[in-house]
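Notes follow once the structure below has been shown.
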Amino acid sequence: MEKGFKPSGALAILRGARNRISFFPSEDFDKSFAELVAEIEYIEAELNERCHENLSERINTIISDYKSSIDKSHLQLQHLTKKELFKLMERLCKEIAPETLQMFRNENSDNDDDNDNNSTQKQDKFYHWIMTYLLKQDQHLTAIIRTQQEQQKNFAAVTQCLLHHSDEIVKMMQIQQEHVNYFRRLSDQIVEQQKQLTQIIERQQQQEATNSNLLQTQSSKEQSATNIDHDRAYLTITYDQGQSYAVENSLQHHIEIPPTEIEKKEFEFSDTMIPNIPVNARWAQNGVTVAGGNGEGHDTNQLSQPLGLFVDEDETVIITDNWNHRIVEWKKNDTNGRVIAGGNGQGNRLNQLKYPSDVLFDKDTKSLIICDRGNERVMQWSRRSGTMIPSIPVNARWVQNGVTVAGGNGEGHDTNQLSQPLGLFVDEDETVIITDNWNHRIVEWKKNDTNGRVIAGGNGQGNRLNQLKYPSDVLFDKDTKNLIICDRGNERVVQWSRRSGTSKGKVLIDKIFCYGLAMDDQKYLYVTDIAQNAVRRYKIGEKNGTLVAGGHGAGDGLNQFDEPIKIFVDQQQAVYISDNRNHRVMKWNKGATAGIVVAGGQGQGSALTQLFTPIGLVVDALGTVYVADTWNSRVVSWPKGAKQGNIIAGGNGEGKQPNQLQYPVDLSFDRHGNLYVVDWDNSRVQRFSIK
């Protein structure tokens, strides 16, 4: 700088944060000027001005030219006089921001004197003015940047919303297209049926004409009139735009038949469900709704575009509830139906259906045969009582706070209490049947009841036929209406009828230290034998069972158990066993000589790869194993092939809070997928509702 020059301040630029560029003598001028150049480049880039020219090169060119013009190219820049520095700054403004320089000149046009005093003031004013201008420009730029950032955020949010809803729109369009295709096919079917109906009417008219001629030729003979009543006939499901319903019509007819022909007529439904309808039968014109009729919907008293039906011998109506992707059963005079297949949403999993169109019921195998139209397949769905295989969605979740559905009033023997329960069975109507272990009885708790009812035992501990001793498991055979009980303390399995008037049981198997029971859909009974570390299968009524798993002494080999406790049998008759002291769950396929580990098996512990004395277990239709991990006070699900489990209930330490369990020992699911857990040390049964 010129000797004696004292700058009156510093040139500063405000850009988001405050960046101060000092030109005091103590600062490195080249470094400060480079910072100034960098700031100017930044502002130019942000404002997208002069984007096709390199600002740094332009500034260097201007400085070099100016040095040459004042013949000081051999000197360093800091040796410029104050006046020369002013000229250089003025030239830079002229080249880089001419509008800024013009604005300054316009504002200071009245003070153009060239005396030293005015020149110094003008220079100081120029520095101050350029700093003020840059500050204003920086504030303006900051506001622009903020506005752009807000716009970008808003644009991103709108884009995300559109992307999210676009998936839903695409799905809706796909569903609508499926509906359009379906109605096109339905329309074609109706046209074809109309053609067939026309042909049938024409044939009937021809037959009636023939019969009329025959009657005229026999006019001299005596005619005998016989009124024949047919109990009931069902018509197919009729679709009306406002309603969906099945219609029942009473058959009313008056037929004149010669007496010699009466004995040949039998008006009964055959085994093939082909009714013998008289040729001139007539029906009442007012139908009675026996299913649905409460508007289209998915509630249990509604249907949604049903397509097919099957009428059983007891006048139970089984209906393909098409757009609800389920099969429902309506018993005679019921006001609500019951889902017996599907009902888990539209899909192609084995527990799902997609637009089912027809259904049959095979009485011999007790199976539904379903035309799963949307999945282009025909499915068989067992209705045997022993199956009890829940259909749980693969990504199912349950609420973490359980609700007490039995007991929970402290340990005791009153009807609202339990004492160390060990097992349970959940019926189709959500009635819970419990082995009340230390009370030596079986109790039944109906849905929403506050008290249970003793249905077996309850006559004190003992070995008489009206007594039980520490029962550990129970099944209910709906076909025979019998309870099957593991009477553990008496080392026997007993059968206890639930028909009225029954006060004692019947011994099915004796001299067996049993703990767990299961029944397959062929009505075979499976029993764990703790003393022999084995599982045996029995035909009801036979005393000698067949070994199906274990039986090689206590151990941790794949063909051994160390206290097998509870069991589960799937539709392929594969047996799942909780191998208690080996802290694992084993699966033995039918006919296998050794099992495979499907859960645990990593020693006792609380890690997700481990179990700690597991007891109760259930396996769903997808092969997921659900285990009562007893000493970890939790219930875990173990997907097929997984290396570790997932906690679905409990796991919050031992306790009696709604989100806690204390040594769970058994579990089951109802038909909705709600989880029921026997909470042993809290003497209660908890229900965890599926989300």
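For this structure, a couple of remarks:
- Under-5 Å amide H pairs with ARG584, H placed in peptide plane, nonlocal only: ASP579, GLY601
- Relative contact order (percent, whole number), segment 403-688, Cα cutoff 8 Å, 6+ residue spacing: 13
- Computed from label points 7 Å out along Cα-Cβ, the spacing between ASN333 and GLU376 is 4.7 nm.
- Distance from segment 169-190 to segment 350-384 (C-alpha centre basis), Å: 22
- In segment 364-479, Cα pairs under 8 Å separated by at least six residues give a relative contact order of 18 percent.
- Each other residue within a Cβ distance under 10 Å of GLY616 adds +1 if Lys or Arg and -1 if Asp or Glu, for a net charge of -2.
- Theoretical FRET efficiency, 1/(1+(r/R0)^6), r = Cβ-Cβ of THR198 and ILE277, R0 25 Å, to 0.05: 0.80
- Cα→Cβ-extended label distance, 7 Å offset, between ARG185 and ASP314, nm: 3.4
- Taking amide H atoms as placed 1.01 Å from N in the peptide plane, the amide H of ILE340 lies under 5 Å from those of ILE327, VAL328, GLU329, each 5 or more residues away in sequence or on another chain.
- Extended-chain gain in nm, criterion 0.36 nm per residue less alpha-carbon gap, THR502 and GLN206: 100.3 nm
- The H on the amide N of SER367, modeled in the peptide plane, is under 5 Å from the matching H of ASP362, ARG383, each at least 5 residues off or on a different chain.
- In this calculation the C-beta distance from LYS643 to LEU350 is compared with R0 = 30 Å, giving a FRET efficiency of 0.80.
- Here the peptides 602-614, 626-638, 511-523 are ranked by packing, the mean other Cβ count within 10 Å, and the order with the highest first is 626-638, 511-523, 602-614.
- Prolate/oblate/rounded call for segment 403-688, Cα gyration tensor, a/c under 1.5 rounded: oblate
- Segment 555-601, relative contact order in percent, only Cα pairs under 8 angstrom and at least six apart counted: 31
- Mean-position separation - Cα centroids, segment 558-598 and segment 278-331, in angstrom: 43
- Modelled FRET efficiency - R0 41 Å, ASN652 with ASN459, Cβ distances, 0.05 increments: 0.60
- Loop trypsin sites (Lys or Arg not before Pro), segment 406-465 (other Cβ atoms within 10 Å of the site Cβ: 16 or fewer; DSSP): LYS446, LYS447, ARG464
Readers should treat all values here as calculations from the given coordinates under stated rules, not as data from a laboratory. The structure displayed is predicted, hence computed values, not measured ones. Cβ: placed from backbone, ideal geometry, glycine included. Neighbour counts: every protein chain shown.
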